[in-house]
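One structure is given here, and the rest of the page talks about it.
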Amino acid sequence: DVKVTQSSRYLVKRTGEKVFLECVQDMDHENMFWYRQDPGLGLRLIYFSYDVKMKEKGDIPEGYSVSREKKERFSLILESASTNQTSMYLCASRLQSRNGEAFFGQGTRLTVV
Amino acid sequence: AQSVTQLDSHVSVSEGTPVLLRCNYSSSYSPSLFWYVQHPNKGLQLLLKYTSAATLVKGINGFEAEFKKSETSFHLTKPSAHMSDAAEYFCVVSEGSNQAGTALIFGKGTTLSVSS
């Protein structure tokens, strides 16, 4: 079975903290993505990576950064967490193909207090 | 630039009646299109995908979708709703390129409610 694993299901952090969300895939996919999901807004793309050390901004990159040092691992970093970053964060991976479906992790529900 | 519009934020049907979830897309190139489903407190699951082969695509659990280029639409249908179909549904577009960095762009979702 293919698998995308996010390190935490639930996180509670304080305003101003630096937060790391980790994602690992075991499918040797080239592309990896971070989305946030908010009610009524669907999934919005924060960043994606198409190769090791390569990254592209998505629609809402402000306040976030990413790191991809190894092909299987893609990290999302909140440099200084704020309450408006309270959300569900979803990691995904897919083959570098226009036909490739994305496989998703179970999500991390982050609450910033 | 690519984008997706799901025309209804919420659809309610009775069990045994047809389901129609509407999706329009905008894409500069030949797109790939997907429908994903998310049941409450569950992860996202692929229902079906269109990748420029047959325009009528069959998916899991009796769902199907038809790609209509002239209307830039990719509506999801099912002949007879079941209670277990109650979930949130997302229409997704990926532009037709194998170049690096082809992301999936999601619509805002349609919540399907099924009553008995």
Legend entry - Shape metrics for segment A:4-112, restricted to C-alpha atoms - Rg then Dmax, Å: 13.0, 40
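Rolling a 1.4 angstrom probe over the protein heavy atoms, how many square angstrom per residue are accessible across the protein assembly as shown? Show your work: numbers first, answer last.
Values: 10940 Å² over 229 residues.
Accessible area per residue, the protein assembly as shown: 48 Å².
If you average 1/r over all unlike Cα pairs in segment B:1-97 and invert the result, what Kirkwood radius do you get in angstrom?
Values: mean 1/r = 0.0729 Å⁻¹.
So the Kirkwood estimate lands at 13.7 Å.
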Inset, instruction - Let me have the relative contact order for chain B, percent, based on Cα pairs under 8 Å that are six or more residues apart. - result: 37 percent
Legend entry - Entries of A:LYS57/B:LYS108; B:LYS58/B:LYS108; A:LYS57/B:LYS68; A:LYS3/A:LYS57; A:LYS13/A:LYS70; A:LYS55/B:LYS69 with Cα pairs more than 28 Å apart: A:LYS57/B:LYS68; A:LYS55/B:LYS69
Inset, instruction - Along each of the three principal axes of the Cα atoms of the protein assembly as shown, give the extent in whole Å, ordering the values from largest to smallest. - result: 50, 39, 33
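At a 1.4 Å probe radius, carbon and sulfur cover how many percent of the accessible area of the protein assembly as shown? Let's see the in-between values first.
Working: 5340 of 10940 Å².
Carbon plus sulfur share of accessible area: 49 percent.
The values are calculated or read from the model by the stated rules, or taken from the named source; none is laboratory data. In this text, all values refer to a predicted model and were calculated from it rather than measured experimentally. Heads up: the accessible areas ignore ligands, DNA and RNA and are worked out on the full protein's heavy atoms, side chains in. Shrake-Rupley method; radii C 1.70, N 1.55, O 1.52, S 1.80 Å.
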